[in-house]
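Okay, so here's the structure we're looking at.
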Amino acid sequence: MILNIHGYDSSGKNSKYEFLASEYKDQLLISPSFDYSNENPYNILDTLRNRIILNHEKDKKNVVVGSSIGGFFAYCLCAAYEIKTILINPSLMPFINLSARYGANEAMCKKYIELFNRYFFQANSRDYEIIVGDKPQPGAPLLDRDRGALIILGERRGNAADRPRPHDGVL
């Protein structure tokens, strides 16, 4: 099972969904859509938890992929479950952007801060691998690693010396 969580102002049928659907045809791909501006983040997280519980496939690789604000929710799930998690350009503190860039109200931002405080320090005690690189390429074995992993993929920005480097066999 692959659970794809889209970014802000996107949908479940985003480019990551298209990539995952083409590269992992043998996997159950779940990609719900959310309106992050208007939906309670606790309800979003509950919906995602239910998707994991209902669709977890025994003896198969299960993974959560999250981009942008979807990366925030993927990280929360990573802290709560022992499930492989891939974060693509994650917004790990969405309450900052939601307020400054999108004008979200204070009550909504406080809910994101509560979730951040609840989950963001739990994953430190687990054995996760952090890999920094650029976006996935077709044929890249992102979902084929044996142990749980928290993989963070960042866009190339700035000078070449400052750019993340892909790791052999991963990206």
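A few points about this structure:
- Residues satisfying the stated conditions in region 10-24, i.e. over 21 Å from Ile52 (Cβ atoms) and modelled with pLDDT of 90 or more: Glu18, Ser22
- Going through (1) among the small types (Gly, Ala, Ser); (2) under 16 Å from the mean Cα position of the chain (by Cα); (3) open to solvent by less than 60 Å² (accessible area, probe 1.4 Å) one by one, Ser22 falls short only on (2).
- Residue check, Met108 at pLDDT 70 or above, of a type in the set (A, V, I, L, M) and open to solvent by less than 30 Å² (accessible area, probe 1.4 Å): yes
- When region 43-57 is filtered for residues that are at pLDDT below 90 and either open to solvent by less than 40 Å² (accessible area, probe 1.4 Å) or small (Gly, Ala, Ser) (or both), only Ile52 remains.
- Test: Ser91 is without any contact (Cβ under 8 Å) to a residue 60 or more places away in the chain, more than 19 Å from Tyr24 (Cβ to Cβ) and of a type in the set (Gly, Ala, Ser): no
- Considering each residue of region 74-85 in turn, none proves to be open to solvent by 40 Å² or more (accessible area, probe 1.4 Å), part of a loop (DSSP other than H, G, I, E, B), touching a residue at least 12 places away in the same chain (Cβ under 8 Å) and of a type in the set (A, V, I, L, M).
- Among the residues of region 2-19, those identified as crowded, with 17+ Cβ neighbours inside 10 Å and either among the aromatic types (Phe, Trp, Tyr) or in a loop (DSSP other than H, G, I, E, B) (or both) are His6, Gly7, Tyr8, Ser10, Asn14, Tyr17, Phe19.
- Any chance Asn40 is open to solvent by 10 Å² or more (accessible area, probe 1.4 Å) and within 23 Å of Ile96 (Cα to Cα): yes
The values are calculated or read from the model by the stated rules, or taken from the named source; none is laboratory data. In this text, all values refer to a predicted model and were calculated from it rather than measured experimentally. A quick note on method: Cβ atoms are made from the backbone with ideal geometry, for glycine too, and the neighbour counts reach across all protein chains shown. Just the protein is used for accessible areas: all its heavy atoms, side chains included, with ligands, DNA and RNA removed. Shrake-Rupley method; radii C 1.70, N 1.55, O 1.52, S 1.80 Å.
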